[in-house]
Structure formats: structure tokens, C-alpha cells
Number of protein chains: 2
Amino acid sequence: MKIQLALDRINIESAIKIVEKVYDYIDIIEVGTSLIKDYGISSVGKMRKQFPDKLILADLKTMDEGEYEFKTAYSAGADIATVMGVTPLNTISLCYDVAQKYKKSIMIDLMETNESRITNLKKFKEAIFCIHIAKDEIEKDFESYFQKMKLYISELPHLAIAGGINIELLNKLNKTRIIKPEIVIIGSAITKAFDMQKAAKEFYSLMQNIKK
Amino acid sequence: MKIQLALDRINIESAIKIVEKVYDYIDIIEVGTSLIKDYGISSVGKMRKQFPDKLILADLKTMDEGEYEFKTAYSAGADIATVMGVTPLNTISLCYDVAQKYKKSIMIDLMETNESRITNLKKFKEAIFCIHIAKDEIEKDFESYFQKMKLYISELPHLAIAGGINIELLNKLNKTRIIKPEIVIIGSAITKAFDMQKAAKEFYSLMQNIKK
């Protein structure tokens, strides 16, 4: 299980400083949508230059112009780029093809994506599917939400999970074993922690235990 | 009927040069998603500085972090910012509230947005709703497509139309009078024309006739 650190609403210099602090405990650096929209795709390039040996995800949240956006992100140094599950299917196909061609990864963000669309997305066998949960939904009723999700994600081989992830939630997830994500995306639980390194280490240790 | 010029896949200097050429024939400058993702939100600021008296739209295509993205775009100088219709309703509400607070406009891009969601969006009375058509759909069967659309857009007061718009399509639209958009979004039919000024003028003249 990999830890993806989501970096958002800060400038690239601050983002780099955060990564330096928690480098040993994370697997993927997410250059968040806000970094890309605020400072452009060069945010990805700067991160790549600083951290040549870490996986980097560009959270493009592509809705259109899939081929152009994915080529731009991979050329800038991203290993993984994201497209929304609600994007026209043809656009997702174009993104997937670029990923295959560049031998890079694609993550499909399932936020607001309905069951019938998810069925259509199953053909993208090498894609990572990101279950993006609204915080409100989790707090309301965690188990029924995941049970519902389970119905239509059972055939997706590569899963990631995002949205207000904290230690408590991960413990619950581990206990219920409803889904087994390959990637857990963590943002403010690390970046807003008083001691970021300690917080990252805590997640890292928990992941090690889950692996066993 | 306003003409919105969509600028995409070029750098900001080229975009400014295009606007200078067609300035008199357009009403809204669209800083396209690709300009924002490639060069950051400063693209909007540069356009604002260059053209203080023209309406500027930031095609954010927001899917998340609505409040943050909309505040950033308006602060950079945008008059209009876009959110996707498929975005979680709560996020669209946040975008709408920011627009109201800043006394700016919001455009909701209806790409892939289904009928039941559009019904839920009708409460955003001051929003501009953008019918975003895939080129393939238009070419297949123009009239039946628009007839279908008409069923659920009849109560949306402010409409825009986008997606491969050219003179022929606008003529058809005008003839059938199925929908009456306030804004027509034109990209490559102007920016890829051999003579951009001539192309823009042609659209401008057609719009004047449609107004009558």
C-alpha cells in the first residue's frame, strides 16, 4: 500500500519543503490541481527536478483535451496523471492511450461517477481507479457507504482512495477490509499537522502493519 | 448574442496577439483551460492587464475546491469563471456563492451532465449554462440532438453554446430556433482561420443579423 501525499493551496517552494520533511515516509508526490492551476504545469517540472527518484502524480482532473493535457504532464515529468471518470469516454480513451504510449500511469478519479459509467471504465485494465469520497458522506455512515461502493468496484484491479483520509478512517478501513486500495491519498492530515514528519511516520507505520 | 473567443493550446503572448487582431468583433476573451494549466492563473492577470475593458472568462472547469478556485480567478481579473455541471452540487453552490459575493458571473459547463442533475441546477438562476456539444454528436444528427437538449434546458434563462461552432452550424441554429444562446463560444473557426480578422468579422455580422 503506497502513500500519496497531496499538496494543495500552497506555492511550489512550500510544497518542496514539505516533501523534504516527509520524504522517507511517502511513495508518491501529488502536485495538486491548485498548484497546476495557480502556477502552471511547470510545478510538476520543478518537483521532478528536486526529487528525481520519487513517483510524481499530476492531478490534472482532465475533463477535455485529454491527449494534449496528458502529453504535457508526462513531458513535464509526471509518472501518473489524472482524468475524471465523468469525462466523455472518448477523452478518457485518449488519455489512456497516451499513458500506454509513454509507458506512464493513469488514474481515473471516480468522483460523481455512476455505476453504469464505472462498468464502461473497466476496460481500462491498467488504470488506477480513485475512490474519491466526500468528507460528509464518510462521517454520515462509513460502512454502508463502502458496502455500496463495493458493489461496483469489485472488478477494478487497481484502487486508490482519497478524501479526508486520517488514521482513524484507515484503521476502520483495515478492520472492515471492504476494499483494499493500493494507494492511499493523504493531504491535510499530514500537511496541516503540527509535526508533519511525525504524522507521516504514523501513516507509514500503519501501512506497514496493514501489509502484514 | 455575444461572441466568446476560446484561446487554447498557445502561449499567452500568442493569445494576446490573436485578441488584438479580432478585438472589435468579440465580446468575451476566454482564457482556455490549457492556458491556465500550462501557465497558471497569471494568464488571466496578463490578459486583464492587456485588455482592461473586455470581459474575460477563466475556463477553470472546476471539479473541486470551488471556493478557492473561483476566488483565485476573480482576484486575477476574471469576470466569469466556469465549473462543471457534473461537479458535486455542494461545490457548485460554493462557486455560485463566491460569484454572488464578488458580483461576478459563473458559467456551468453542461458537458456530460444528465437531465436530473440539470433539474437540480436550475436553482442557480443567475448562472450561465453552457451547452457543450461533442463535435461527433453534431455531425451525426444535429436536429434530433438539439430537440433532445431542448426538453431539459427550456427553463434555463442564460444559455451559452460551445463545441466546434462554425458559420454553418450557427446558420442552422438560427433557422431551427431551437435554442437561443446569449453567448456563442468560438475557438478554432477563428483562431485557425487563414485570415482571423475576416473570420471573426463574419461571425460578428452573422450575430448582428440574428439579433434582428
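Throughout, read-outs are computed from the coordinates displayed, never taken from laboratory work. All of these numbers come straight from a predicted model, not from anything done at the bench. Ideal geometry is used to build each Cβ from the backbone, glycine not excepted, and the neighbour counts take in all protein chains shown.
On a straight-distance basis, which aspartates and glutamates could pair with A:LYS172 in a cross-link, Cα separation under 17 angstrom, same-chain partners fewer than 8 positions away excluded?
A:ASP136, A:GLU137, A:GLU139, A:ASP141, A:GLU143, A:GLU182, A:GLU202
Equivalent ellipsoid semi-axes for the range A:68-131, as square roots of 5 times the alpha carbon gyration tensor eigenvalues: give them largest first, rounded to whole Å.
Its equivalent ellipsoid spans semi-axes of 20, 11, 10 Å.
What are the residues whose amide H is under 5 Å from the amide H of A:THR87, where those residues sit 5 or more places off or on another chain and H is modelled from the backbone?
none
What percent does the relative contact order of chain B come to when contacts are Cα pairs within less than 8 Å and at least six residues apart?
The value is 20 percent.
Would you mind checking the pairs A:LYS104/A:LYS125; A:LYS61/B:LYS49; A:LYS46/B:LYS37; B:LYS71/B:LYS123; B:LYS104/B:LYS201; A:LYS17/A:LYS192 and listing those with alpha carbons more than 19 angstrom apart?
In this structure, A:LYS61/B:LYS49; B:LYS71/B:LYS123; B:LYS104/B:LYS201 lie more than 19 Å apart at Cα.
Where the label is 7 Å out from Cα toward Cβ, how close does A:ASN174 come to the same position in every other copy, in nm, shortest first?
From this label point to the equivalent ones elsewhere in the assembly: 6.7 nm.
Between the range B:73-107 and the range A:28-64, what's the alpha-carbon centroid distance in Å?
Using only Cα atoms to place each centre, the spacing works out to 24 Å.
Please work out the ratio of the alpha-carbon Rg of the range B:2-211 to 2.2 N^0.38 Å and round it to two decimals.
Compactness ratio reported: 0.98.
Mind listing the long-range amide H neighbours of B:PHE129? Cut-off is under 5 Å, sequence gap 5 or more, other chains count too, H placed in the peptide plane at 1.01 Å from N.
Under 5 Å from the amide H of B:PHE129 lie the amide H atoms of B:ILE108, B:HIS158, B:LEU159, B:ALA160, each far enough along the sequence or on another chain.
Given the protein assembly as shown, what percent of its DSSP beta bridges are antiparallel, to the nearest 5?
DSSP beta bridges in the protein assembly as shown are roughly 0 percent antiparallel.
What are the label-to-label distances in nm, one decimal and shortest first, from B:SER93 to the same spot in the other copies, with labels 7 Å along Cα to Cβ?
Those label-point separations list as 3.7 nm.
Check which residues have an amide H placed less than 5 Å from B:LEU60's amide H, if you skip close sequence neighbours.
For B:LEU60, whose amide H was placed from the backbone, the distant partners under 5 Å are B:THR82.
Bins of 20 Å, beginning at zero and ending with the bin holding the largest distance: percent of Cα pairs per bin for the protein assembly as shown, please.
The distribution over the protein assembly as shown is 26, 57, 17, 1, given as percents.
At 222 nm, what helix-only mean residue ellipticity would chain B give, in deg cm²/dmol to the nearest 500, using -39500 (n - 2.57) for each DSSP H run of four or more?
My calculation for chain B gives -14500 deg cm²/dmol from helical runs alone.
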